[in-house]
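**Q** The following block contains the structure, expressed as structure tokens.
The values are calculated or read from the model by the stated rules, or taken from the named source; none is laboratory data. Fair warning: this is a prediction, and the values are worked out from it, not measured in the lab. Glycine also receives a Cβ, built like all others from the backbone with ideal geometry; neighbour counts cover every protein chain displayed.
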Amino acid sequence: MPAIDSCCSLAALQQHLETWGRAGSIWVQDLLSKVYGNVFTVHFGPRRAVVLAGYETIKDALLNHAEEFGERAEIPIFRKMTEGNGCYTFILGIAFSHGELWKTMRRFTLSTLRDFGMGKRTLEIRILEEVNSLIKYFESYHGEWKPFDTKMILNNAVSNVICSILFGERFEYDDPVFLTLNEYVFKMPINSKTSLAPQLYNFYPSLGFLSGASKTVLQNVSELNAFLQKLFQEHKEEFNENNLTGFVDAFLMKQQQKPHTMFNNKSLMFSTLDLFAAGTETTSTTVRWGLLLMMKYPEIQRKIQEEMNHVVEPGKLPKLEDRKKMPYTEAVIHEIQRFANIVPMGVSRSTPTDVNFQGYVIPKGTEIIPLLTSALNDELHWKTPDRFNPSHFLDADGNFIRREAFIPFSIGRRACLGEGLAKMELFLFFTGLLRKFVFQPPPGVDKSDLDLTADVGFTLNPMPHLVCAVPCE
């Protein structure tokens with residue numbers, strides 16, 4: 001199999017993707033795949049991984065060979081986080097667990113999310129409650145007179161939706177418990193701006209003790225564990241099997257029914273963390289990209305608002321039932337996800353057995369990196385992959401069309417289990433805000449000055465920027 005020398009390691013690959021954003025995506029797709037093909041090896045530290053580039057290759061692996069590419073790669077920092085909390089020799093939770101543990105936890109989580117409203121009107125009501133709280137916060141900045149940064153408040157709003165699912169209640173944005181919880185969650189390796197330290201630990205785990213930053217990450221996880229255990233204990237003391245309020249209560253019920261199984265306190269903690277990590281920063285980051293792009297392309301923002309005016313009753317916010325009558329808005333939301341490309345490398349898979357794939361033998365236990373960015377920017381599937389272009393998702397008559405290569409949530413057995421929730425949130429938050437406000441750059445800033453370069457992190461964030469939320473007339 002073609003191999004990239006260690007001088008072009010995974011660290012360099014990720015730096016191109018994170019630092020250059022869309023330019024990095026094109027660099028990977030056009031240069032690496034043309035030189036090495038769509039299946040090639042990269043080395044990072046003493047370990048190696050096989051990279052899959054291009055939509056057809058990713059689909060072939062994750063759908064047509066779902067079992068062979070169906071395990072999650074072991075990420076050293078997450079194993080260390082588990083061990084550091086006195087757990088087992090395997091990783092707990094949902095996102096990075098394996099085998100029967102993963103199957104059981106995923107099945108339980110999906111069932112519980114559905115029980116508590118995913119895809120239903122009950123959860124829609126919770127999200128709309130949060131949208132209204134967010135609108136009140138935006139109104140406090142008095143339109144164009146006071147530009148503000150949306151990052152923290154959007155994180156809080158989306159986090160509150162997860163809290164309502166987990167704990168059965170939302171928090172006020174200034175609640176000390178809520179602020180402490182979010183502070184810990186956003187220091188996690190998947191969210192942290194200091195994600196270089198976990199990356200270095202992943203490259204050379206045997207040298208991890210040399211990294212003060214890695215120690216800080218593990219200390220944060222330990223403190224978060226203690227904090228969550230206190231919340232869980234409060235739920236245990238108030239537990240009523242006839243009135244389950246959220247995921248935590250459902251888990252506690254399972255503990256009573258099946259004691260001494262994988263439904264234990266440590267598993268509850270890591271499952272909770274997985275839901276926070278997967279369901280908060282990715283969604284809030286996508287909404288932030290959406291608002292930035294609306295400032296950059298005000299003509300697109302106007303078309304969305306005109307469509308809403310024809311579909312939604314005056315004075316009302318859009319509902320999920322309106323989505324099918326708003327094809328242009330749907331196209332824009334999908335194009336935001338494609339263009340923002342916030343998880344360019346996906347989350348690594350692993351081969352549970354030796355695999356014969358496209359003429360190569362991939363050994364058992366090999367880490368597999370599906371380059372989602374290469375699918376979202378694949379020139380075979382997108383007319384203008386390097387441009388923000390909602391017509392990618394519209395036919396000649398202006399009807400919304402689904403695109404096969406649109407896989408921001410990945411595909412196959414390990415696709416994001418929160419995809420349904422994320423789609424609900426993206427539609428309701430984005431349309432709710434555009435129903436009430438016109439988003440503009442701060443005074444003195446021209447739309448041409450707005451920077452669409454991605455900021456470095458595990459996810460691709462917009463560069464720091466301010467917005468003006470001007471109330472609609």
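**Q** Give just the number: which of (1) surrounded by fewer than 21 Cβ atoms within 10 Å (Cβ to Cβ); (2) modelled with pLDDT under 90 does Leu252 not satisfy?
**A** (2)
**Q** Do we find a residue being touching a residue at least 24 places away in the same chain (Cβ under 8 Å), surrounded by 14 or more Cβ atoms within 10 Å (Cβ to Cβ) and under 24 Å from Arg47 (Cβ atoms) anywhere in region 430-440?
**A** No, region 430-440 contains no residue that is touching a residue at least 24 places away in the same chain (Cβ under 8 Å), surrounded by 14 or more Cβ atoms within 10 Å (Cβ to Cβ) and under 24 Å from Arg47 (Cβ atoms).
**Q** Here is a follow-up. Just a yes or no: is a residue in region 283-293 farther than 26 Å from Leu166 by Cβ and either modelled with pLDDT under 90 or touching a helix residue (DSSP H, G or I) at 6+ places or on another chain (Cβ under 8 Å) (or both)?
**A** For region 283-293, residues farther than 26 Å from Leu166 by Cβ and either modelled with pLDDT under 90 or touching a helix residue (DSSP H, G or I) at 6+ places or on another chain (Cβ under 8 Å) (or both): present.
**Q** Among the residues of region 141-149, is there at least one that is among the hydrophobic types (A, V, I, L, M, F, W, C) and either part of a helix (DSSP H, G or I) or within 17 Å of the chain's Cα centre (by Cα) (or both)?
**A** Scanning region 141-149 turns up no residue that is among the hydrophobic types (A, V, I, L, M, F, W, C) and either part of a helix (DSSP H, G or I) or within 17 Å of the chain's Cα centre (by Cα) (or both).
**Q** Just to verify a result, which residue in region 108-123, among those that are surrounded by fewer than 18 Cβ atoms within 10 Å (Cβ to Cβ) and under 20 Å from the mean Cα position of the chain (by Cα), is nearest to Gln255 (Cα to Cα)?
**A** Residue satisfying both the conditions and the ranking: Leu110.
**Q** Tell me yes or no: at least one residue of region 43-55 is over 24 Å from the mean Cα position of the chain (by Cα), modelled with pLDDT of 90 or more and not assigned by TED's automatic domain parsing to the domain that holds Lys103.
**A** no
**Q** Has region 423-438 got at least one residue that is in a loop (DSSP other than H, G, I, E, B), at pLDDT 95 or above and charged (D, E, K, R)?
**A** So far as region 423-438 goes, no, none of its residues is in a loop (DSSP other than H, G, I, E, B), at pLDDT 95 or above and charged (D, E, K, R).
**Q** With the condition kept exactly as written, say whether any residue in region 368-391 is among the small types (Gly, Ala, Ser), over 22 Å from Thr57 (Cβ atoms) and touching a Ser or Thr at 6+ places or on another chain (Cβ under 7 Å). Outline the logic, then answer.
**A** Keep residues of region 368-391 that are among the small types (Gly, Ala, Ser), which gives 374-375, 391.
Then drop every residue that is not over 22 Å from Thr57 (Cβ atoms), which leaves 391.
Keeping just the survivors that are touching a Ser or Thr at 6+ places or on another chain (Cβ under 7 Å) gives none.
Scanning region 368-391 turns up no residue that is among the small types (Gly, Ala, Ser), over 22 Å from Thr57 (Cβ atoms) and touching a Ser or Thr at 6+ places or on another chain (Cβ under 7 Å).
**Q** I've got another one for you. Quick one: which residue in Pro464, Pro442, Pro408 is touching a Pro at 6+ places or on another chain (Cβ under 6 Å) and part of a loop (DSSP other than H, G, I, E, B)? Steps first, please.
**A** On the way: Pro464 fails: touching a Pro at 6+ places or on another chain (Cβ under 6 Å); Pro408 fails: touching a Pro at 6+ places or on another chain (Cβ under 6 Å).
Just a single option satisfies the conditions, and that option is Pro442.
**Q** Turning to a different aspect of this structure: Quick check on Gly398: is it exposed (fewer than 14 other Cβ atoms within 10 Å of the Cβ), part of a loop (DSSP other than H, G, I, E, B) and either assigned by TED's automatic domain parsing to the domain that holds Ala66 or of a type in the set (Gly, Ala, Ser) (or both)?
**A** Yes: the conditions hold for Gly398.
**Q** Same structure, new question: Within the set of pairs 6+ apart or on separate chains, which have a first residue in region 317-345 that is part of a loop (DSSP other than H, G, I, E, B), a second that is among the basic types (Lys, Arg) and surrounded by 21 or more Cβ atoms within 10 Å (Cβ to Cβ), and C-beta atoms under 9 Å apart?
**A** That search, which allows pairs on different chains as well, returns Asn341/Arg22.
**Q** Here's a follow-up. Can you name the residue in region 77-89 that is over 16 Å from Leu268 (Cβ atoms) and at pLDDT below 70 and is also surrounded by the fewest Cβ atoms within 10 Å (Cβ to Cβ) among such residues?
**A** Applying the filter and picking the extreme gives Thr89.
**Q** Quick test for you: out of Arg288, Arg323, pick the one residue that is more than 28 Å from Pro147 (Cβ to Cβ) and of a type outside the set (A, V, I, L, M, F, W, C).
**A** Just one listed residue meets the conditions, Arg323.
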